[in-house]
Amino acid sequence: MDLIDLSKIPEADDRFIRFLDDVCQSFEFDHASYATFNPISGAVQGFANYRADWVSHYMQKGLHRIDPTIHFGRKAIAPVDWLRLEKSPHFNTVFANAPDFGVSDRGLTVPVRGPYGDIGLFSVTRDCSDQEWQALKKNVIGNLQTAAVHMHDNVMSSNLSMSALRLPALSAREREILQWVAVGKSQQDIGDILSISHRTVEVHLRSARTKLGALSTAQAIGRAVGLGVVKPS
């Protein structure tokens, strides 16, 4: 199950990120995100206004695969307060380093179920006391549900979900290795950094080149940068 940042799709504009920013500013949240599920690939797709380093960390670690806010939210009908989630090993793994990135484990996920079986998850976070959180949640829950439906309907009508199918399904390791190549590291260097053999590095590079339709590693890097899955050096 891949995780795709829809803001990196060539057809995307910044209106969805701006909407998340507006929700945070209007209702005094720190961060907001939206996720949906591709009906064909099963990938988790969405937008978030978290710091770029947290997004990178989350994607590289594949945390969406174990994130209970996603898995419980997907099954829920009513909003899911993260305080009610069991502090399981998966929860602790997802949020163990979150404070280092300015991310709180105090949040709320509002599920949206569309007419064709489509599901959207609209989440917000706030670093505050229990008392402040309960008061805030009570005051804005109705507005959040409206915002969630608005976001979901607009994403579903934008065709971004289907456009994302054209993105190559690079694994987290393939993206990681491409990123190291992009900053000038050799295969031997990368093997040492990741504690794998340089032959294993080459296997991942070969797979990445195939997925990106590239004839060379340099061409693969160029395409990965263009798609936003690798940052230029």
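Nothing in this text is a laboratory measurement; each read-out follows from the coordinates by a stated rule. Everything numeric in this text was worked out from a predicted model, so none of it was measured.
What the table shows:
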| read-out | value |
| --- | --- |
| Most fluctuating residue given options 99, 115, 79, as computed from a GNM of the chain linking Cα atoms under 10 Å | 115 |
| Candidates 135, 214, 96, ranked by Gaussian network fluctuation over the chain, Cα under 10 Å, top entry | 135 |
| Relative contact order (%) - the range 83-233, alpha-carbon pairs under 8 angstrom, separation at least six | 15 percent |
| In the chain, lysine pairs with alpha-carbon atoms under 21 angstrom apart (chain gap of 8 or more, or interchain) | 12 |
| Value at 222 nm in deg cm²/dmol, rounded to 500, when DSSP H runs of n ≥ 4 in the chain each add -39,500 (n - 2.57) | -15000 deg cm²/dmol |
| Amide hydrogen neighbours beyond the local backbone of residue 119, cut-off 5 Å, H modeled | 37, 114 |
| The range 3-164 shape via C-alpha gyration tensor axes, a/c threshold 1.5 | rounded |
| Folded to 0 to 90 degrees: helix 130-156 orientation relative to the chain principal axis, Cα | 60 degrees |
| Rounded, prolate or oblate (a/c below 1.5 giving rounded, otherwise prolate when a/b exceeds b/c) for the range 55-142 by Cα gyration tensor | oblate |
| Fraction of beta bridges assigned by DSSP in the chain that are antiparallel (%, nearest 5) | 85 percent |
| Cα long-axis angle, helix 217-227 against the chain (0 to 90 degrees, to the nearest 10) | 20 degrees |
| Choice from 93, 69, 200 showing the highest fluctuation, given a GNM over the chain with Cα pairs closer than 10 Å | 200 |
| Shape of the range 90-182, Cα gyration tensor, a/c cut at 1.5 | oblate |
